[in-house]
Amino acid sequence: MKSEKLKRNFWVSAEIECMLNLIKEVNNCQGALSTSTTQYTFIQIANQMKKHGFPNKSPTQIRRKWFQMKSAYLCYKKGNVDRLFLIPEKFRNVIAQFVESGEKIGRSNLSTISTGNPAIHQQESISEEDTSITDKFMKQIRRNNKSVLLEFAKLEESLLEYEHKCQFIRDKNIIKQLEVN
């Protein structure tokens, strides 16, 4: 029983991609009418995911995964890079676009969502606004990466300096031992 529960909670890349594609379709179907996220919406997305070949995701799991990734991105924007790993790198730009555009999933008639298989490598045209959001996101990642690398270099230098001091002390003690004998 427990292993089944763990299996259902593990998200593979294809499931996340399907979920995000369905969320995008929901937002496209609703237009600007969306103002809130409802449980009904996640039930409909779960049903659509089942039709796409992903029967192991409940509406609650979909809701939690969506809010987990959204929250991780918002924390990242505030400077907390520790939670960024919760968003697979492949989907970070998509989450950034959703969050930056202020889109929410809301109640709608999801019967208009296509029932075909999700495209694995779907080419999308990205507007200038989306590109600038993505660019900002990537610039922030690069800045954080530089900061981490700089801190690592400082720590590495400090460790090397400490190692030299320890070696000096060991050498000094060996010389004392040799002089005593």
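Summary table below
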| quantity | calculated |
| --- | --- |
| Residue pairs meeting the criteria (Cβ under 6 Å; at least 6 apart or on separate chains; first closer than 19 Å to Thr60 by Cα, in the range 12-40; second modelled with pLDDT under 85 and of a type in the set (Gly, Ala, Ser)) | Ser36/Gly106 |
| Scan of the range 86-101 for residues that are assigned to a helix (DSSP H, G or I) and within 19 Å of Ile133 (Cα to Cα), ordered by number | Glu89, Lys90, Phe91, Arg92, Asn93, Val94, Ile95, Ala96, Gln97, Phe98, Val99, Glu100 |
| Inter-residue pairs, beta-carbon under 7 Å, first in the same structural domain as Val12 (by TED's automatic domain parsing) and touching a residue at least 12 places away in the same chain (Cβ under 8 Å) and in the range 47-76, second buried (at least 20 other Cβ atoms within 10 Å of the Cβ) and of a type in the set (Gly, Ala, Ser), 6+ apart | Lys57/Ala46; Ser58/Ala46; Pro59/Ala46; Ile62/Ala46; Tyr73/Ala96 |
| Elements of type helices (runs of 4 or more DSSP H) contained in the range 1-82, each with 1 or more residues being aliphatic (A, V, I, L, M) and modelled with pLDDT of 85 or more | 13-30, 39-51, 59-77 |
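The values are calculated or read from the model by the stated rules, or taken from the named source; none is laboratory data. Model, not experiment: these values are computed from the prediction. Here Cβ is always computed from backbone atoms with ideal geometry, including for glycine, and neighbour counts include all displayed protein chains.
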